[in-house]
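Reviewing the structure listed below.
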């Protein structure tokens, strides 16, 4: 788990990248489908 800025956190595995922002919004990327993380996982 990494932290970037106050209250922002990310968890990264080989396949997934999950980002939780301080305001409660989140992003989830399936890196096997979107390696550049341009599209969130469904």
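Below, the figures for the structure above:
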{"read-out": "Cβ-based exposure ranking for 15, 31, in which fewest neighbours within 10 Å come first", "value": "15, 31"}
{"read-out": "Normalised alpha carbon radius of gyration of the chain [divisor 2.2 N^0.38 Å]", "value": "1.13"}
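Here, each number is a calculation from the coordinates, and none is a lab measurement. Here the structure is a predicted model, which is why all the values come from computation and not from measurement. Glycine gets a Cβ as well: all are built from the backbone with ideal geometry, and neighbour counts include every protein chain shown.
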